[in-house]
């Protein structure tokens, strides 16, 4: 995992040993290699109470048949991770590369090897992701430059300060089908930072103050196959420590130029069901023409984290136009091309017991306004309540217990509610 994620995981479980900041260190000539990562899995029990169809809603819906509780053994918000980092000092430059792979622990087939028992093939739901492939170079006197794929700049601190980074959050009812991980607090308090190709510059650390600005591949929620310009993202943060008080304050923002794809009208096609039958079946439904829309998506956030005497308090807020909810670009505009406004945030309180168990409670919400010709049945908000316990059994292995209550509501007032209980463990190195 990259340094930011390792530090966040270390802080979340109070694993304050050196091993929390480094993996398996191997000197190799001019290079120092760091092999690092995690393995995690959770037993999840998700029950949906309602069956309202809400596009963009994150609450699991009630099962129409069989058991009303969806059970799964899956990875959590963090996928399993294996990362390879190399560092060296050459020509007065600190040079680094990182390549990582993220397999999942989910499976939705019968045999467990990607095939059903009748021999037909199926996805086993355990994708192998590649979230990091980058090179960076610089010096503490002038900063550093990063080129390649890494976590997005905007909203990265929101996810790295979320206690469900070590757990599950929402989305456990989906993991094991098409999803590789759960959502944590994504979509119920903050937008997903995503993992993006980028060229970014980070300043030196000026007594706790540091800033990053970069060009990124825009995350447009599948609305387009072309990009009018690079995305622009930036953030600034200040970390402080005074006596027993430590903390961090940050702000970040994003701007994307979006041009959606034009849709050409298609006439419905029919074919005969059987020879001699007068009945017909619809082969392809009619599709109405949709023009291309062009707009600028923008969003900013602000957050703070303070820790004192075993207590940790995090507060976060974001506000955007045309960025949608959950994923940047998802549900961002109405059918007639008008930008939807969105905002949200979360508050989180944690306390570390003398036995090093961290207890936490969090509340978060992500709201989406109506725009243009939106109906009242469109998504209004996703809300999450989380309580969790995170215990470091060893300096590498952590036991996790979580409960999450998710509510999705549309603008007509209809709701879906679901509850998830999770038990599992995460090992990092």
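The values are calculated or read from the model by the stated rules, or taken from the named source; none is laboratory data. All of these numbers come straight from a predicted model, not from anything done at the bench. No Cβ is skipped: glycine too gets one built from the backbone with ideal geometry, and neighbour counts run over all protein chains shown.
Annotations for the structure displayed:
- Highlighted here are the strands (runs of 3 or more DSSP E) found entirely within region 209-303 that include at least 2 residues which are within 29 Å of the chain's Cα centre (by Cα) and at pLDDT below 90: 245-259.
- Scanning region 1-57 for residues that are closer than 21 Å to residue 101 by Cα, under 23 Å from the mean Cα position of the chain (by Cα) and at pLDDT 90 or above yields 36, 37, 38, 39, 40, 41, 42.
Residue-wise test of (1) more than 19 Å from the chain's Cα centre (by Cα); (2) part of a strand (DSSP E or B); (3) at pLDDT below 95; (4) surrounded by fewer than 21 Cβ atoms within 10 Å (Cβ to Cβ).
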position	(1), (2), (3), (4)
390	yes, yes, no, no
395	yes, no, yes, yes
403	no, yes, no, yes
407	no, yes, no, yes
412	yes, no, yes, yes
417	yes, yes, yes, yes
423	yes, yes, no, yes
426	no, yes, no, no
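- The residues of region 29-56 include none that are over 26 Å from residue 131 (Cβ atoms) and surrounded by 24 or more Cβ atoms within 10 Å (Cβ to Cβ).
Residues are listed down the side, and each one gets a yes or a no for (1) closer than 11 Å to residue 299 by Cα; (2) surrounded by fewer than 19 Cβ atoms within 10 Å (Cβ to Cβ); (3) more than 17 Å from the chain's Cα centre (by Cα):
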site: 310; (1), (2), (3): no, yes, yes
site: 318; (1), (2), (3): yes, no, no
site: 321; (1), (2), (3): yes, yes, yes
site: 333; (1), (2), (3): no, no, yes
site: 336; (1), (2), (3): no, yes, yes
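- If you go through region 343-361 and keep only what is under 21 Å from residue 192 (Cα atoms) and either without any contact (Cβ under 8 Å) to a residue 12 or more places away in the chain or under 17 Å from the mean Cα position of the chain (by Cα) (or both), you end up with 343, 344, 345, 346.
- Filtered residues of region 370-390 (kept if over 21 Å from residue 414 (Cα atoms) and touching a residue at least 60 places away in the same chain (Cβ under 8 Å)): 386, 388, 390
- Residue in region 58-81 that is farthest from the chain's Cα centre (by Cα), counting only those that are surrounded by 15 or more Cβ atoms within 10 Å (Cβ to Cβ) and part of a strand (DSSP E or B): 69
- Scanning region 93-107 for residues that are at pLDDT below 95 and over 27 Å from residue 191 (Cβ atoms) yields a count of 1.
- Scanning region 362-370 turns up no residue that is touching a helix residue (DSSP H, G or I) at 6+ places or on another chain (Cβ under 9 Å) and under 19 Å from residue 75 (Cβ atoms).
- Residue within region 147-154 that is modelled with pLDDT of 95 or more, touching a strand residue (DSSP E or B) at 6+ places or on another chain (Cβ under 7 Å), surrounded by fewer than 17 Cβ atoms within 10 Å (Cβ to Cβ) and at negative phi present: yes
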